[in-house]
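Student: Got a structure for you, written out below as structure tokens; questions coming shortly.
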Ligand code: ADP
Ligand code: MG
């Protein structure tokens with residue numbers, strides 16, 4: 001595999017001082033880092049090359065992440081990449097620092113009302129629309145991969161393009177990936193003959209919307225049988241529990257549109273952006289933008 005030829009000369013540790021750890025993912029350790037000369041703090045995603053030997057899918061996924069992030073023009077809700085250092089034992093991805101933690105932690109601490117959720121999803125739909133127009137499918141949309149840039153305004157940044165894929169015109173994707181809770185039925189059912197496309201991101205957005213409004217996931221192994229996989233491929237979920245009593249029918253309609261098992265009938269990003277729930281409070285949205 002050939003790495004893109006856009007690496008820094010010198011070493012990461014000559015240029016930056018590592019600070020506290022920000023997060024751990026499946027592949028990488030992410031820390032805060034401060035430039036030694038001057039400048040703004042960054043986040044650095046450190047990939048240990050020796051681990052790539054044991055995990056053969058890891059290096060292609062890192063290369064994919066680097067090349068997609070580098071190819072993207074700036075979008076206010078997508079984390080930027082600044083530099084890459086390719087050193088003998090490690091790869092360092094120097095990233096825009098997003099200071100206020102994962103949306104995951106935020107929603108476990110404070111429940112989101114519809115107005116706040118609408119603003120977060122307005123940003124998410126806008127960034128997914130931006131990616132899909134470029135033929136990029138994120139494939140790993142979940143609250144751990146959405147960071148808060150500002151706790152008060154709820155501005156967010158989408159991160160982690162480790163599973164993202166650039167889809168060529170007409171091409172369908174076949175690799176099974178993503179996180180079970182958020183994974184679309186067609187991705188679970190996939191085979192080399194049954195491929196899937198960008199619709200899988202809209203499913204994950206539906207799962208996240210459900211969680212943000214209710215505080216619990218639509219599909220859950222613990223409430224089965226049926227198993228979580230069976231719940232997902234058959235679209236078995238409900239709005240029966242108490243949090244849903246006070247949630248608008250427009251929000252439920254959007255969730256139903258997104259959690260549609262057949263990807264051909266699922267809401268498109270355009271339908272989601274123009275759904276009655278999204279358009280319900282344009283003034284509220286404008287105040288936040
Ligand atoms: P992986 O591909 O291994 O899942 P991620 O890119 O998702 O790695 O990073 C893992 C975690 O590190 C994230 O969930 C987040 O908590 C933290 N993190 C990643 N990028 C940044 C960033 N730019 N600013 C702040 N924290 C970050
Ligand atoms: Mg991640």
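Student: Among the residues in the range 258-280, are any closer than 19 Å to residue 127 by Cα and without any contact (Cβ under 8 Å) to a residue 12 or more places away in the chain?
Tutor: yes
Student: Additional query: Which one is nearest to the chain's Cα centre (by Cα), of the residues in the range 135-165 that are part of a strand (DSSP E or B) and within 10 Å of ligand 1 (Cβ to nearest atom)?
Tutor: The selected residue is 146.
Student: What's the number of the only condition in (1) in contact (Cβ under 8 Å) with a residue 12 or more places away in the chain; (2) under 24 Å from residue 145 (Cα atoms) that residue 247 fails to meet?
Tutor: Condition not satisfied by residue 247: (2).
Student: Among what's in the range 69-81 and is under 14 Å from the mean Cα position of the chain (by Cα) and either more than 16 Å from residue 145 (Cα to Cα) or within 14 Å of ligand 2 (Cβ to nearest atom) (or both), pick the residue that is modelled with the lowest pLDDT.
Tutor: 69
Student: Oh, and also: Can you pull out every residue in the range 25-47 that is within 12 Å of ligand 1 (Cβ to nearest atom) and at pLDDT below 90?
Tutor: Across the range 25-47, the qualifying residues are 25, 26, 27, 28.
Student: For the range 104-125, name all the residues that are touching a helix residue (DSSP H, G or I) at 6+ places or on another chain (Cβ under 6 Å) and without any contact (Cβ under 8 Å) to a residue 60 or more places away in the chain.
Tutor: The answer is 104, and nothing else.
Student: Just checking, how many residues over the range 95-118 are outside any loop (DSSP other than H, G, I, E, B) and either closer than 23 Å to residue 181 by Cα or more than 17 Å from the chain's Cα centre (by Cα) (or both)? Step through it out loud before you land on a result.
Tutor: Going through the range 95-118, the residues outside any loop (DSSP other than H, G, I, E, B) turn out to be 95-96, 102-109, 114-118.
Those left that are additionally either closer than 23 Å to residue 181 by Cα or more than 17 Å from the chain's Cα centre (by Cα) (or both): 102-109, 114-118.
Looking only at that region, the number is 13.
Student: Also: Being more than 16 Å from ligand 2 (Cβ to nearest atom), modelled with pLDDT under 95 and surrounded by fewer than 14 Cβ atoms within 10 Å (Cβ to Cβ), is that true of even one residue in the range 15-23?
Tutor: Checked the range 15-23: no residue is more than 16 Å from ligand 2 (Cβ to nearest atom), modelled with pLDDT under 95 and surrounded by fewer than 14 Cβ atoms within 10 Å (Cβ to Cβ).
Student: Quick check on my filter: what residues within the range 52-85 are in contact with a helix residue (DSSP H, G or I) (Cβ under 7 Å, 6 or more places away or on another chain), in a helix (DSSP H, G or I) and in contact (Cβ under 8 Å) with a residue 24 or more places away in the chain? If you could, list the steps in order and put the result at the bottom.
Tutor: At the first step, the residues of the range 52-85 found to be in contact with a helix residue (DSSP H, G or I) (Cβ under 7 Å, 6 or more places away or on another chain) are 52, 58-59, 75, 77-78, 81, 84-85.
If we keep only those that are in a helix (DSSP H, G or I) as well, we get 52, 58-59.
58, 59, listed by residue number.
Student: Within the range 120-134, does at least one residue satisfy the condition of being in a loop (DSSP other than H, G, I, E, B) and within 30 Å of residue 11 (Cα to Cα)?
Tutor: Checked against the condition, which is being in a loop (DSSP other than H, G, I, E, B) and within 30 Å of residue 11 (Cα to Cα), the range 120-134 yields no hits at all.
Student: If residue 44 meets every condition in (1) in a loop (DSSP other than H, G, I, E, B); (2) surrounded by 15 or more Cβ atoms within 10 Å (Cβ to Cβ) apart from one, which number is that one?
Tutor: Among (1) in a loop (DSSP other than H, G, I, E, B); (2) surrounded by 15 or more Cβ atoms within 10 Å (Cβ to Cβ), the lone unmet condition for residue 44 is (1).
The values are calculated or read from the model by the stated rules, or taken from the named source; none is laboratory data. What you see is a predicted model, and the numbers here were worked out from it, not measured in a lab. Every residue, glycine among them, receives a Cβ derived from its backbone with ideal geometry; neighbour counts consider all protein chains shown.
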